[in-house]
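K.L.:
The structure that follows is given in the form of structure tokens.
The values are calculated or read from the model by the stated rules, or taken from the named source; none is laboratory data. Everything numeric in this text was worked out from a predicted model, so none of it was measured. Counting neighbours? That spans all protein chains shown, and the Cβs are built from the backbone with ideal geometry, glycine included. These accessible areas exclude ligands, DNA and RNA; they are computed on the full protein's heavy atoms, side chains included. Shrake-Rupley method; radii C 1.70, N 1.55, O 1.52, S 1.80 Å.
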Amino acid sequence: MDYPAVIGWTADEAVWILDQTLLPDREEHRELDSVDAVAEAIRRLRVRGAPLIGVAAAMGMTLALRDCATRAEALVALEAADQQLRSARPTAVNLGWALDRIRRCLDRELGDVPSLRQVVRSQADQIREDEQANCEKIGVAGLPLLPEGAGVMTICNAGALATGGLGTATAPIYLAHSEGRRLEAIVPETRPLLQGARLTAWELMRAGISATLIPDGAIASRLAQGDVTCAIVGADRIAANGDVANKIGTLGLALAAWDAKVPLYVAAPRSTFDPHCPTGAEIPIELRDADEVRGFQNTTTAPSEVAVWNPAFDVTPARLITGYIMPEGLLERVE
Ligand code: MRU
């Protein structure tokens, strides 16, 4: 399967990422050699998508140990790095989930700085491999939803760029395509940062998958047209009652899909489920900078002083969701 490499280790044990803010114009790797640089990359969405920010944070924890001479120094540096990375973005629970996994391994490691480093690195690699394997399993579980000739709508980018594997929402699409099924991905542009246009359209076209880009405002009319077999979206956090936080616009898509009787599926690994969050109302929603809405890159698109509300995510209530595509299988909701 042809999907882009998004993260890895450099020769001198720093972290490299594909800088997603530059896509689709430039495909450039950026070296991150400090915890500050990893936190900045997560905040600025150079590296993004719920599973991938967990992977990046886990890998970034190794960088906290770079200048540590003693175990005591290392433990202080790791604690500070954990706090800094955990707070880089608030909505995706995968970030804290990955850091908790690192923390549990460290609690069992009583050795010196090299041993601590080895434990963090191997756990970070394990998290990355697990998320890649989860994507494959999600693809298999979701494959029956995409018969020959299917039209599938997604939103934002829940693809390879968001996971390091086949993606979550895109995994069934990649697998159906690799089996030779003809299908059409309908990709809303996803204002204000255009993850649909810049990232999903780019990665699907790169893989030879047919994609149609639509303005966000066309989501409802396209769903009403009758040629969309299903919608598959990703998630940043799934509450215990099944409510889903995902990219802003998902709620609108869900309401329109409900009205048009188009089934809506949420694809996500276990790391996205938050049993400690009872309902969507308790999910923290990230509010981002006003300037992301007043313009794009160096172009102004609104008066510079206009008031702005810029939530990065919204919450779709469980009642609008047909099912969850998980590595363990397809879970359909029953009322
Ligand atoms: O702000 P972003 O680009 O990180 O938002 C990403 C999304 O909303 C994705 O749909 C979600 O993280 C799932 S990625 C498999």
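K.L.:
Over the chain, consider all pairs of different Cα atoms and compute the Kirkwood hydrodynamic radius from their mean reciprocal separation; express it in Å, one decimal.
P.N.:
Details: mean 1/r = 0.0496 Å⁻¹.
About 20.2 Å for the chain.
K.L.:
On the protein heavy atoms, probe 1.4 angstrom, tell me the percent of accessible surface of the stretch 11-61 carried by carbon and sulfur. Walk me through the numbers before you get to the answer.
P.N.:
Working: 750 of 1860 Å².
Exposed carbon and sulfur together represent 40 percent of the surface.
K.L.:
Using unit Cβ charges (K, R positive; D, E negative) and no other charged atoms, how large, in debye to the nearest 20, is the dipole of the chain about its Cα centre? Before the final figure, lay out the partial values.
P.N.:
On the way: 32 positive and 45 negative charges, 84 e Å.
The calculated dipole for the chain is roughly 400 debye.
K.L.:
So, with a 1.4 angstrom probe, what is the percent of accessible area on the stretch 142-332 that is carbon and sulfur?
P.N.:
Details: 4190 of 7480 Å².
Roughly 56 percent of what the probe reaches on the stretch 142-332 is carbon or sulfur.
K.L.:
Continuing with this model, one more query. What is the angle, in °, between the Cα long axis of helix 71-86 and the longest principal axis of the Cα atoms in the chain? Nearest 10 is fine, range 0 to 90.
P.N.:
20 degrees
K.L.:
Suppose every Lys and Arg Cβ carries +1 and every Asp and Glu Cβ carries -1, with no other charges. What dipole size does the stretch 1-139 come out with about its Cα centre, to the nearest 20 debye?
P.N.:
Numbers: 18 positive and 24 negative charges, 94 e Å.
Result for the stretch 1-139 is approximately 460 debye, rounded to the nearest 20.
K.L.:
Compute, for the stretch 142-332, the length of the dipole vector about the Cα centre, with Cβ point charges of +1 (Lys, Arg) and -1 (Asp, Glu) only. Units Debye, rounded to 20. Write out the running numbers ahead of the final one.
P.N.:
Working: 13 positive and 20 negative charges, 65 e Å.
In debye, rounded to 20, the stretch 142-332 gives about 320.
K.L.:
Any chance you could give the angle, 0 to 90 degrees and rounded to 10, that helix 93-108 forms with the longest Cα principal axis of the chain?
P.N.:
Helix 93-108 sits at roughly 30 degrees to that axis.
K.L.:
I've got another one for you. Any chance you could run the full-extension gain for Ala72 through Glu282? It's 0.36 nm times the residue separation minus the Cα-Cα distance, nm to one decimal. Working shown, then result.
P.N.:
Working: separation 210, 0.36 × 210 = 75.60 nm, distance 3.64 nm.
Full extension of this stretch gives 72.0 nm more.
K.L.:
Pull up the DSSP beta bridges for the stretch 142-332 and report the antiparallel fraction as a percent, rounded to 5.
P.N.:
Numbers: 13 of 31 bridges.
So the antiparallel bridges in the stretch 142-332 amount to around 40 percent.
K.L.:
Under a crude label model (7 Å from the Cα following the beta-carbon direction), how far is Asp25 from Ser87 in nanometres?
P.N.:
3.4 nm
K.L.:
Skip the ligands, DNA and RNA, and give the accessible area per residue of the chain with a 1.4 Å probe, whole Å².
P.N.:
Numbers: 13890 Å² over 335 residues.
The answer is 41 Å² per residue.
K.L.:
Taking Cα atoms, how many degrees apart are the long axis of helix 113-142 and the longest axis of the chain, rounded to 10 and kept between 0 and 90?
P.N.:
Approximately 10 degrees, to the nearest 10.
K.L.:
While we're here: Report the net charge of residues surrounding Val187, where surrounding means a beta-carbon distance below 11 angstrom and charges are Lys +1, Arg +1, Asp -1, Glu -1. Each step should come with its number before you reach the end.
P.N.:
Working: positive: Arg198, Arg222; negative: Glu184, Glu189, Glu203, Asp216.
Residues near Val187 contribute -2 overall.
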